[in-house]
1. Any idea which of 361, 348 is within 28 Å of residue 132 (Cβ to Cβ) and of a type in the set (Gly, Ala, Ser)?
2. I need every pair where a residue in region 148-171 that is surrounded by fewer than 17 Cβ atoms within 10 Å (Cβ to Cβ) has its Cβ under 6 Å from the Cβ of a residue that is modelled with pLDDT under 95 and not in a loop (DSSP other than H, G, I, E, B), sequence separation at least 6 or different chains.
3. When you scan region 318-346, how many residues do you find that are touching a residue at least 40 places away in the same chain (Cβ under 8 Å), assigned to a loop (DSSP other than H, G, I, E, B) and more than 10 Å from the ligand (Cβ to nearest atom)?
4. Which residues, taken from region 153-166, are over 22 Å from the mean Cα position of the chain (by Cα) and closer than 28 Å to residue 57 by Cα?
5. I'm checking my understanding of the structure. Among residues of region 47-77 that are hydrophobic (A, V, I, L, M, F, W, C) and farther than 15 Å from residue 87 by Cα, which one is modelled with the lowest pLDDT?
6. Tell me, please, whether a residue that is assigned to a loop (DSSP other than H, G, I, E, B), of a type outside the set (A, V, I, L, M), under 30 Å from residue 385 (Cα atoms) and under 25 Å from the mean Cα position of the chain (by Cα) can be found in region 59-74.
7. Name the pairs whose Cβ atoms lie under 8 Å apart, with the first residue in region 240-257 and touching a residue at least 60 places away in the same chain (Cβ under 8 Å) and within 16 Å of residue 280 (Cα to Cα), the second part of a helix (DSSP H, G or I) and near the ligand (Cβ under 7 Å from one of its atoms), and 6 or more positions between them or separate chains?
8. What helices (runs of 4 or more DSSP H) lie completely within region 204-317 and have 1 or more residues being farther than 22 Å from residue 369 by Cβ and within 12 Å of the ligand (Cβ to nearest atom)?
Amino acid sequence: MNEANDILTVKVEKLLWRGRGLARLDSGQVVMIEPGVLPGELALVRVTKTARDFLQAEAVEILESSPLRTAHPCPHAESCGGSRFGMVSPHEGTRLKADMLRDALPRALGRDLGVNIPQLQIVSSPQGWRYRWRGQIHVRGGRPHAMAHASNDLVPLNDCHLLATPLAAAMPALAQGLPDGRFTIAASPDTGLAASENDRVLLPFSFPEFGLTLQLPPSTFFQANWELNQHLVRATVDALHGFDRIADLFSGAGNFALPLASQGKTVLAVEGSAAAVETGIRNAERLGLSSVTFHDANLAKPATWKLVEDFAPRAAILDPPRTGAKGIGRTLLAMPSLSRLVWVSCDAVNTVRDAKPLLEAGWTVSSLTLFDMFPGTWHMEVLMILDRP
Ligand SMILES: C[S@@+](CC[C@H](N)C(=O)[O-])C[C@H]1O[C@@H](n2cnc3c(N)ncnc32)[C@H](O)[C@@H]1O
């Protein structure tokens, strides 16, 4: 019987969902290792938790490295928890994520459901590093810090390889003007102008393909990898070709709703953050997009779903937070006007859990695309299109 703090030598079989390594002891017991190990590696691990049928562990030393392992480009990598997959090239990182997704989805769906999973499409990030136009920093004594890996300690930062170059360059000056605390910082991909959430400025974010430029306060949520977001929005708009009345649920400030409205679609955008809704309304007014209506409403409440049902959408976009939207599958199933769902997911296993009632009722998965929005990390966005049978 193994106990917490035991040191074991294990061979990593594969990566599981959320980047954890899977190994098996001679006894057959499963060991799940914190993100940072690669398939095929021999590692010394420390048991951090024992459960009835598996052990949790963290790597202490890599005894035999995978040929995929390269030097991490960031000097803070050892201490900072921000880029646990920076030890593989962005290209190999995408490939590993695709393997993780292909392995995790059938298990999340349950084999008895008999859902046909279409061939996975993959869209890589144009930039392997320095792709984030929005990030969070911890400020202490006017200096930027990051949260250390697996602890609440703070690590001083003078650069971050995940941040776009103008944002990384501005980070120390932004931190100087802030009190101690955690802050969002952002920069415009159009102009490079950087600001913190405390600054009362608007940053331009363009969609060249749609001829639109949004003006966003630095505090607003937007897809951090703005270049790859262009592809995600294009794919979403394409998936809704031929659908007129579209509900954009968890819409944020209108990342999908505004480009769709620019194509003449009638869109109901529903979002729980009042600030994001206000930003969406201001942008729609400024751009003269009158076919989109924004609603500040909580999608966990039945009254909000009455609003959506009254709109009678033919299709819906769902882009919930990482934890997903429990119970949403049953609600969507009960909405007779809907025939297509475009589900944008930053945790595809949670999405499958939420979509199960629809899949059990015969809705099909028509396409599945991995957008590698977050190179250097195990995170990914997955676009899943579901159709009524
Ligand atoms: C992953 S973001 C997506 C935002 C937007 N679709 C985009 O691409 O920028 C999820 C959004 O869901 C919103 N949200 C979270 N829980 C919600 C709820 N219960 N009701 C409505 N909106 C919610 C958050 O405020 C956030 O804007």
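The values are calculated or read from the model by the stated rules, or taken from the named source; none is laboratory data. If you're wondering where the values come from, they're calculated on a predicted model, not measured in any experiment. Quick reminder, even Gly has a Cβ in these numbers, built from the backbone with ideal geometry, and neighbours come from all protein chains shown.
1. Details: 361 fails: within 28 Å of residue 132 (Cβ to Cβ).
Matching residue, one of 361, 348: 348.
2. Cβ pairs passing all conditions: 148/155.
3. Matching residues across region 318-346 total 3.
4. Within region 153-166, 153, 154, 155, 156, 157 qualify.
5. Per the stated criteria, the residue is 51.
6. Residues of region 59-74 that are assigned to a loop (DSSP other than H, G, I, E, B), as a first pass: 65-74.
Then drop every residue that is not of a type outside the set (A, V, I, L, M), which leaves 65-67, 69-70, 72-74.
So of that shortlist, the ones also under 30 Å from residue 385 (Cα atoms) come out as none.
Scanning region 59-74 turns up no residue that is assigned to a loop (DSSP other than H, G, I, E, B), of a type outside the set (A, V, I, L, M), under 30 Å from residue 385 (Cα atoms) and under 25 Å from the mean Cα position of the chain (by Cα).
7. Going by the 8 Å Cβ cut-off, the qualifying pairs are 251/276; 252/276.
8. 274-287, 302-311
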